[in-house]
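Participant: Provided herewith is a single structure, encoded as structure tokens, for subsequent inquiry.
The values are calculated or read from the model by the stated rules, or taken from the named source; none is laboratory data. Worth saying up front: this structure is predicted, and the values here are computed from it rather than measured. So basically every Cβ, Gly included, is an ideal-geometry build from the backbone, and we count neighbours across all protein chains shown. Ligands, DNA and RNA are stripped out before the accessible areas are found, and what is left, the full protein with its side chains, is counted by its heavy atoms. Shrake-Rupley method; radii C 1.70, N 1.55, O 1.52, S 1.80 Å.
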Amino acid sequence: MSTSNSTDMDFPGDPSDVVVNAGVIISNLDGAPNALRGFMGTIDWCGNVIVGDHVHRRGRLQSWLTHFAVVVEFRMHGQRDLWLLERCVDGVKFRPFRLDFIWQKFQRDYGGMLCNVPVWDENFVVRVGLNRRTVWSFLNDQKRDPYHVVNKNCKHFVYDFFRDCVQNEWIQNSRRDGFPSFSEMLEKAWVDNGGW
């Protein structure tokens, strides 16, 4: 399994296997310096004290120090097949995920917290024709772009997946500012549900 940008990756499984669910796993960013966490925590505290929660959301800057990944469930001959998809500093990664995974909002396990997209009270709705071939094609397209901390990081990867691959209705029809609103929605849910 190569993550080289010069060739497409080969993926296991039947290309016609249907995607039945997808969600976002959010976790603390490994390797973020304690000094940076402390500095951002201080700014968050000052923001909350000086201007209040109505202007500066609790934990806002600290929630920026998170990692986003996508967990995708394929249905394969009646069997579950789960994969974790993510963009890391060293490229786009995919790996089999735990079969004991439960689609429960804000569940804390699996190295992070599950946040379903886009609406917390509704089941995930998948567009017709979303299958393993579509997801693998998306990954091959994504791996051609190198990691960039500002505009091609793990959060952009997840946003691109729900916008381009899943064609998520909330993102497609949003009159908001796209990626910033998407990221803020997930970071806020992560903080509000005890993710930090």
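Participant: If you take the beta carbon distance between His148 and Cys46 as r and set R0 to 35 Å, what does 1/(1 + (r/R0)^6) give as a FRET efficiency, to the nearest 0.05?
Facilitator: Step by step, r from the Cβ atoms, then E = 0.75.
Participant: Between Asp100 and Asp164, what length comes free when the chain is fully extended (0.36 nm per residue of separation minus the Cα-Cα distance, one decimal in nm)?
Facilitator: Stretched out fully, the Asp100 to Asp164 stretch lengthens by 20.2 nm.
Participant: I need the peptides 86-97, 132-143 ranked by packing, meaning the mean over residues of other C-beta atoms within 10 angstrom, with the highest value on top.
Facilitator: Highest-to-lowest ranking by the protection proxy: 132-143, 86-97.
Participant: Taking 0.36 nm per residue of sequence separation and subtracting the Cα-Cα distance, how much length would be gained by fully extending the chain between Phe179 and Val20, in nm to one decimal?
Facilitator: Full-extension gain reported as 54.8 nm.
Participant: Please give the length that would be gained between His77 and Asp141 if that part of the chain were fully extended, namely 0.36 nm times their separation in residues minus their C-alpha to C-alpha distance (nm, one decimal).
Facilitator: Net length gain for the segment: 20.3 nm.
Participant: Show me the ranking of peptides 155-168, 11-24 by mean Cβ neighbours inside 10 Å, starting with the highest.
Facilitator: Highest mean packing first, the order is 155-168, 11-24.
Participant: Also, quick follow-up: Round to a whole number: what % of the accessible area of region 131-170 belongs to carbon and sulfur, probe 1.4 Å?
Facilitator: Taking all protein chains in place, region 131-170 shows 46 percent carbon and sulfur surface.
Participant: If you don't mind, another one. Amide H neighbours of Cys88 under 5 Å, at least 5 residues apart or on other chains, H built in the peptide plane: list them.
Facilitator: Lys93
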